[in-house]
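Data first, discussion second: the structure below is written as structure tokens.
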Protein chains: 2
Amino acid sequence: MNKEYIISDNWSIIEEEFNPENVKSSESIFSLGNGAMGQRANFEEHYSGPTFQGSYIAGVYYPDKTRVGWWKNGYPEYFAKVLNAPNWIGINVLVNEEQLDLNTCIDVSGFRRELNMKEGWLSRIFTATLQNNIKVEVVAKRFLSLSHDEVGAINYEIKPINSDAKITFQPYLDSGITNEDTNWDDKFWDTLNVSHENHQAFIQAKTMKTDFYTCTFMESQVFINNKSVLIEPNISADASIATFSYEYSVKKGDTYAINKFGGYTVDRNYPKSELVSIAKKALKEVTKLGFNALLEKQKKAWSKIWEMSDITIEGDVKAQQGIRFNIFQLNQTYLGKDSRLNIGPKGFTGEKYGGSTYWDTEAYCIPFYMATKSQNVARSLLKYRYNHLEKAIENAQKLGFKNGAALYPMVTMNGEECHNEWEITFEEIHRNGAIAFAIFNYYRYTGDYSYIPEMGLEVLIGIARFWHQRATFSVEKNQYVILGVTGPNEYENNINNNWYTNYLAKWCIDYAIENIEIIKESYSEDYSRISGKTKITHEELHAWKKVADNMYFPYSKKHKIFLQQDGFLDKELITVADLPKTDRPINQKWSWDRILRSPYIKQADVLQGFYFFEDQFSSEELKRHFDFYEPFTVHESSLSPCVHSIQAAKLDQMDQAYTFYLRTSRLDLDDYNKEVEEGLHITSMAGTWMSIVEGFGGMRIKNDTLNFEPRIPKQWKAYSFKVNFRDQIVKVNVSQNETTFKLEGQNDLDIIVNNNQVTISPNNLVKV
Amino acid sequence: MNKEYIISDNWSIIEEEFNPENVKSSESIFSLGNGAMGQRANFEEHYSGPTFQGSYIAGVYYPDKTRVGWWKNGYPEYFAKVLNAPNWIGINVLVNEEQLDLNTCIDVSGFRRELNMKEGWLSRIFTATLQNNIKVEVVAKRFLSLSHDEVGAINYEIKPINSDAKITFQPYLDSGITNEDTNWDDKFWDTLNVSHENHQAFIQAKTMKTDFYTCTFMESQVFINNKSVLIEPNISADASIATFSYEYSVKKGDTYAINKFGGYTVDRNYPKSELVSIAKKALKEVTKLGFNALLEKQKKAWSKIWEMSDITIEGDVKAQQGIRFNIFQLNQTYLGKDSRLNIGPKGFTGEKYGGSTYWDTEAYCIPFYMATKSQNVARSLLKYRYNHLEKAIENAQKLGFKNGAALYPMVTMNGEECHNEWEITFEEIHRNGAIAFAIFNYYRYTGDYSYIPEMGLEVLIGIARFWHQRATFSVEKNQYVILGVTGPNEYENNINNNWYTNYLAKWCIDYAIENIEIIKESYSEDYSRISGKTKITHEELHAWKKVADNMYFPYSKKHKIFLQQDGFLDKELITVADLPKTDRPINQKWSWDRILRSPYIKQADVLQGFYFFEDQFSSEELKRHFDFYEPFTVHESSLSPCVHSIQAAKLDQMDQAYTFYLRTSRLDLDDYNKEVEEGLHITSMAGTWMSIVEGFGGMRIKNDTLNFEPRIPKQWKAYSFKVNFRDQIVKVNVSQNETTFKLEGQNDLDIIVNNNQVTISPNNLVKV
């Protein structure tokens, strides 16, 4: 582990030392978000040390012109970058004209930062001695409001403790910001207007190329010893910055405070011409409430989220803190209110990867949102892909596919592919299967079939067409093969017959045909609409079926395992345990060719298939494959440990399951991959949730019924979680001795626990 | 074919129409070079239409910071770019103050451009009417001197034919030039000093980062009706341009002319401080001679080159023009005078590809230089690689290899790798084998074994070590495999067991061991030096041998062919003939994944191996492999048709051989690949030479003896070529009826013709 400075606590993330080396990591870990916007935990006051500034607005991106060494046909023209948005959190603080800057202070003590996950706020306290020897105590708190999601609020208090001091708060807005990640040093924002009125300021700016119009706004109030004081601010405004200066001669021991409200209005939600007036309206509402009342609303909103989604773990504070951190960050990133949005791999915590939507959403995030929110949230996520179907068809056309074949993009903001690395963009096509699997998974979990005739079937047809065309008939094998792919294990490129991809392709075709038949039979109106639109024919289905029925799967008779791909056994099969530690992580130490010809697996690949389709394999088969592949797995993808934790639990290999659980849940808190300063791994956090609910809890849906096979790590006294299953809530509590089930709902529910049927009734605790 | 405007001629390349659309193509085709410098055929006078300006100095390059989309460990930090050098050929021409510019003239007629390959000069004549209605006749001639290789000369004559006119010649030097190909718009040149003295000007400039110091210089003389006139020029000099204005009121019908001498002195050859004085000395020499006498020397020098290297073809002007163009351009690019230089794939004709040295040199160019120059030239090229051995070892270390394993770079200027595309840089490792093969080929041809104990063995050891470490023992196959490579066919990436690569690897090890044994036995002093340096042990050789003796070669029993790589037969085997024409060239029409999973072959791969090692396969085997692979070959590499021409001739498939010959010899003249405007394909021109000498002529060296199996395309009456074989020159003349051999040398020579021994004696024509 790289860093272990986060203090263990059940409900908070806490840092108790000011260490400049940790600033960028903490900026990631203590990030705030409310689904509509988010920001890294940058200091309000100026900081001249190494820092990574980041504020982000959901759905606002920039199409950065693609940069490659060697252009390949089919590459997209641009890469959609998450965009550092105008800064509204900044408050410069002058103490007798000297800028408060923790990087230049003579002394900083009593530094404490807390991200209170229960209530959804971030605080920071410290005592600092400036170079002018004035010693001040600072207490700052901020949050991004869930109840008013265009607004965030900051309360910043400063107390000179060894002298009177003239203190100036300079709250500002700044649209002259840049991205760290930029291909050509383009200017991303065009500031249209900087204006101010009384204690409010507004910067209207639009993104270059994409023309997202935004208004960034602020309003401030100042206080002495908690009493509002009216200070006429000195105002300066230039082309991209508006600064208000509130100067006050503060007596030693008195507390000078500022409440700053700020945020964004965006033209995704309102007409461009109304962005300022909507901002004013929002400011009016929140200033009327005031900081404390708004904070109370925040606590209530988070309480409601936790009521449904909390997982408790007794007897293991690190594990408890880990899972809550994951659940907290997921809820900060995406709340399912807007089907035009999705879940970026770094959420609102960094710029890396760009785009907002990967197959992570379908493979890892949907189960979490299905179980902890209303089913509309998962439906929204599915609808997002339905809305992008035409773009997916265009994307496939660019690669030579025809007749409505759809290839969903590797990375996207608006449905268009915006990734450019041939071995991924063109070849990591298994992503297409995850889109289909999510439809299956949604119906399996919610029982809501209506999505399929309404929207899903068209998606399934486009995907089946892709797989049919992408398979090649091998005369040599007299079977269909899939050549030149990259599987989930991205440490193999351009391989033939990746077992996971071939299996998923066959399944997608079979599942599409199955649903075409159901809808033809039972939803004739939908069927005639869809068949009219897609021009699907009997002959075409027959051709698909031929591919699905004759798909080739690489297999070793000797080892009785499916091979990750053709030729896997030609590799030098040295396990990870026998690799020198100095060679790890291999993606930082080895050249790419060496990684490729090694047997090392970045993340679950064959095992990912066993996870998706576990009913189709016996436990013996799972064990054989787990025991064969896990020793070669380096887990250098954030998406790897969760699946392995689930599989290990299923195999009753609880020590392994627990180790993988800690790794997935504390990946960012303990910075396993030495990169947390770039941002958090948001999508894998849903995998952490799965590793408890599906892994230890053993939750599955079979035949419209909840199944559990609860297990508990020996390190824990007990753990509990809740799932929303078809509008009834089941609370599960697992201890070393027993498991209890409690139903919050109206109707009796039959569930299966360790293969036995159990009936649970509303508000009646059942022990097993 | 894209363009077919070049007039057929035995000795000249001729263009007879001014077509702005052809300007950039002609700038490539009519390029000049003298081994030390070169330039595209840019007009002397200003041209405002589309043009690609290029002047180049041998060995002067710029390390352009690498640009990639996604960084991989092991990528080099920079890509060595061929550098557009300061311009010395420019002469602005003002006619009554109006700039002569073919792009803006009212009328251009009688345009004729000629590249006289026999004598080594470029001329251009035209009549133009300017916008001011003055009509002028222009005759311009220029050449880059072989006898004084720092200097070029221009004679530019203008005659106003419908009016008197005030005409100004403005010869200039310009170091404010840029590259078209630049990753980050860096400034490549730093001008240090601009100076002038009488009729001479000098610009001292150095390249950024690499610090190559150069002096670009010029001196001009003007004439009226061939009589020198003394005009005091108006001189202007700024930070990077020096311009002299020679104004004269020219009477209608009189000829105003300028002779301009210019060129470069470089610090590779002289101390930095002497570049200007050496330039002055060179100018003194050539101005003393004058344009015409210098041109006479040029003709003589080219006559000498042609005497040895000419190939004549009777009855097919296009074929004749093609081969001479290839031989001419090769000699313009590299003359073997300097072992620090090498043969860039675009020579001095464009910027593309960067770097100067590819495996092309060893695989394609060395045979040409061995047979048409003294053997020292080929030895120089081998020494170039010996000098880079330490860098090749470092290059291998960067990829994780140890113990002196050497991997020669894909592209280099100074021995360091400067290519960055993982599937090529890290995986197209067969290039290493070509370096070893060239050593074998050199000894086979010249009989000069001394290179091996002196230098070559160390290279062979480094290469053998690389192959030994790069092979993987497959428990599954109980043989050694080579995983994750790109073969000569770059339309396959990261494949396993490329037959060509595996075969070459085994051969390299065997050949290294064979030579270690010879040198141990017969060159004990060299052996103790080399073994001391390389620490080679008996155990190590044993380990190598195990790999070589147990190398796996993919093979199809059904087809009785070696497979290009594992899994080749899984592809959909549709021949190129059945591909829609609209899909060609596939590298411009298809996405990369589609190319990769197709069976289409960019250039000879298995057949390249059969070419290198033909004695190890029967003609039946060759025919089987040729007939299997050629139909899938798209020849989208310039290096493909020549090898196929040779193989087709060997198989007596003369129509095919002839078609491939035309394609290789007129690749640029007829712009088969639609890219000639970027520059010429210099290295493949040596392949053209091979397709006549080795293909039609059937020349081979076996057991220190020249072998011939002459064939002649039915389209030709006769053809002839000369080869320098071990300091005796054999002239071969092949007609439809007979072949004659003539020896220019001292001693009788036994040769083999169609498997019969023939003795040829000095100056005695032998008919067969």
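Taking B:LEU483, is it part of a helix (DSSP H, G or I) and either under 30 Å from B:ASP593 (Cα atoms) or under 29 Å from the mean Cα position of the chain (by Cα) (or both)? Reasoning before the result, please.
Details: part of a helix (DSSP H, G or I): no; either under 30 Å from B:ASP593 (Cα atoms) or under 29 Å from the mean Cα position of the chain (by Cα) (or both): yes.
No: the conditions fail for B:LEU483.
Figure legend. Inter-residue proximity from region B:494-505: first residues touching a residue at least 24 places away in the same chain (Cβ under 8 Å), second residues part of a helix (DSSP H, G or I) and of a type in the set (Val, Ile, Thr), beta-carbon distance below 7 Å, spacing 6+ or different chains. Indicated pairs: B:TRP499/B:VAL606; B:TYR500/B:VAL606.
Taking the condition of being assigned to a helix (DSSP H, G or I), more than 18 Å from B:ASN73 (Cβ to Cβ) and either open to solvent by 10 Å² or more (accessible area, probe 1.4 Å) or at the interface with chain B (Cβ under 9 Å from one of its Cβ atoms) (or both), how many residues in region A:575-608 meet it?
Count: 3.
Cβ separations smaller than 6 Å between residues 6+ apart or across chains give the following pairs from region A:547-565 residues that are on the phi < 0 side of the Ramachandran plot and modelled with pLDDT of 95 or more to residues that are of a type in the set (Gly, Ala, Ser) and open to solvent by less than 60 Å² (accessible area, probe 1.4 Å): A:VAL547/A:ALA471; A:LEU563/A:SER556. Entry remark, region B:140-169: residues being open to solvent by less than 10 Å² (accessible area, probe 1.4 Å) and part of a loop (DSSP other than H, G, I, E, B) number 1 in total.
In summary, B:THR191 fulfils each of the numbered conditions (1) within 30 Å of A:VAL68 (Cβ to Cβ); (2) open to solvent by less than 50 Å² (accessible area, probe 1.4 Å) with the single exception of condition (1).
Checking region A:663-671 against the condition returns no match, with no residue being more than 20 Å from the chain's Cα centre (by Cα) and either in contact (Cβ under 8 Å) with a residue 24 or more places away in the chain or surrounded by 24 or more Cβ atoms within 10 Å (Cβ to Cβ) (or both).
The set of residues from region A:232-247 being free of Cβ contacts under 8 Å to residues at least 40 places away in the same chain, surrounded by fewer than 17 Cβ atoms within 10 Å (Cβ to Cβ) and assigned to a loop (DSSP other than H, G, I, E, B) comprises just one member, A:GLU232.
Tally the residues that are within 22 Å of B:TYR61 (Cα to Cα) and within 11 Å of chain A (Cβ to nearest Cβ), restricting the search to region B:377-397.
The total comes to 1.
Restricting region B:617-635 to residues that are in contact with a strand residue (DSSP E or B) (Cβ under 9 Å, 6 or more places away or on another chain) and charged (D, E, K, R) leaves a set whose member that is farthest from B:SER556 (Cα to Cα) is B:GLU630. Regarding region A:370-391, can at least one residue be identified that is open to solvent by less than 10 Å² (accessible area, probe 1.4 Å), under 26 Å from A:THR210 (Cα atoms) and of a type in the set (Lys, Arg)? Yes: region A:370-391 contains one or more residues that are open to solvent by less than 10 Å² (accessible area, probe 1.4 Å), under 26 Å from A:THR210 (Cα atoms) and of a type in the set (Lys, Arg).
For region A:61-77, which positions are touching a residue at least 60 places away in the same chain (Cβ under 8 Å), open to solvent by 10 Å² or more (accessible area, probe 1.4 Å) and either away from chain B (no Cβ under 12 Å) or within 26 Å of A:ASN103 (Cβ to Cβ) (or both)? Within region A:61-77, A:TYR61, A:PRO63 meet the criteria.
Any residue that is in a helix (DSSP H, G or I), closer than 15 Å to B:SER195 by Cβ and touching a residue at least 24 places away in the same chain (Cβ under 8 Å) - is there at least one of those in region B:283-290? Yes, region B:283-290 has at least one match. Check region A:398-411 and report whether any residue there is crowded, with 23+ Cβ neighbours inside 10 Å, modelled with pLDDT under 95 and away from every other protein chain (no Cβ under 13 Å). No, that holds for no residue. As a summary of the residue check, A:ILE89 satisfies the conditions (1) open to solvent by less than 20 Å² (accessible area, probe 1.4 Å); (2) within 14 Å of another protein chain (Cβ to nearest Cβ) except for the one numbered (2). Yes or no: region B:354-361 includes at least one residue that is within 12 Å of chain A (Cβ to nearest Cβ) and within 23 Å of B:GLY38 (Cβ to Cβ). Checked against the condition, which is being within 12 Å of chain A (Cβ to nearest Cβ) and within 23 Å of B:GLY38 (Cβ to Cβ), region B:354-361 yields at least one hit.
Scanning region B:100-123 for residues that are basic (Lys, Arg) and crowded, with 22+ Cβ neighbours inside 10 Å turns up just one, B:ARG113. Listed conditions (1) within 10 Å of chain B (Cβ to nearest Cβ); (2) in contact with a helix residue (DSSP H, G or I) (Cβ under 9 Å, 6 or more places away or on another chain) are all met by A:GLU417, apart from (1).
Name every residue in region A:439-489 that is within 13 Å of chain B (Cβ to nearest Cβ), open to solvent by 10 Å² or more (accessible area, probe 1.4 Å) and aliphatic (A, V, I, L, M), in order of residue number.
Taking region A:439-489 and keeping what is within 13 Å of chain B (Cβ to nearest Cβ), we get A:466, A:469-486.
Subsequent filtering for residues that are open to solvent by 10 Å² or more (accessible area, probe 1.4 Å) retains A:469, A:471-473, A:475-480.
Matches in region A:439-489: A:ALA471, A:VAL475.
When you scan region A:53-139 for strands (runs of 3 or more DSSP E) that lie fully inside it, which ones turn up with 1 or more residues that are touching a helix residue (DSSP H, G or I) at 6+ places or on another chain (Cβ under 9 Å)? It would help to see each step written out before you state the result.
Details: elements: A:55-57, A:61-65, A:78-82, A:91-95, A:107-116, A:121-129.
Here the list reads A:107-116, A:121-129.
Scanning for something in a strand (DSSP E or B), away from chain A (no Cβ under 14 Å) and more than 27 Å from the chain's Cα centre (by Cα), does region B:609-626 turn up at least one residue? No, region B:609-626 has no match at all. Tell me the helices (runs of 4 or more DSSP H) entirely within region A:387-471 that contain at least 3 residues that are farther than 19 Å from A:GLN608 by Cβ and in contact (Cβ under 8 Å) with a residue 12 or more places away in the chain. Ranges flagged: A:389-398, A:457-470. In the condition set (1) open to solvent by less than 10 Å² (accessible area, probe 1.4 Å); (2) closer than 26 Å to B:GLN603 by Cβ, B:ASN395 is compliant with all but (1). Any residue that is away from chain A (no Cβ under 13 Å) and either acidic (Asp, Glu) or surrounded by fewer than 20 Cβ atoms within 10 Å (Cβ to Cβ) (or both) - is there at least one of those in region B:561-574? No, region B:561-574 contains no residue that is away from chain A (no Cβ under 13 Å) and either acidic (Asp, Glu) or surrounded by fewer than 20 Cβ atoms within 10 Å (Cβ to Cβ) (or both).
Reported count of residues in region A:306-336, each being closer than 21 Å to A:ILE729 by Cα, open to solvent by 10 Å² or more (accessible area, probe 1.4 Å) and touching an Asp or Glu at 6+ places or on another chain (Cβ under 8 Å), is 1.
For region A:490-538, taking the residues that are within 14 Å of chain B (Cβ to nearest Cβ) and assigned to a loop (DSSP other than H, G, I, E, B), the one that is surrounded by the most Cβ atoms within 10 Å (Cβ to Cβ) is identified as A:ASN498.
Give me a count of the residues in region B:731-755 that are in a strand (DSSP E or B) and not hydrophobic (A, V, I, L, M, F, W, C). So the answer is 8.
The values are calculated or read from the model by the stated rules, or taken from the named source; none is laboratory data. Only a predicted model underlies this, so the values are computations on that prediction, with no experimental measurement involved. No Cβ is skipped: glycine too gets one built from the backbone with ideal geometry, and neighbour counts run over all protein chains shown. We work out accessible area using only protein heavy atoms, side chains counted, and drop any ligands, DNA or RNA first. Shrake-Rupley method; radii C 1.70, N 1.55, O 1.52, S 1.80 Å.
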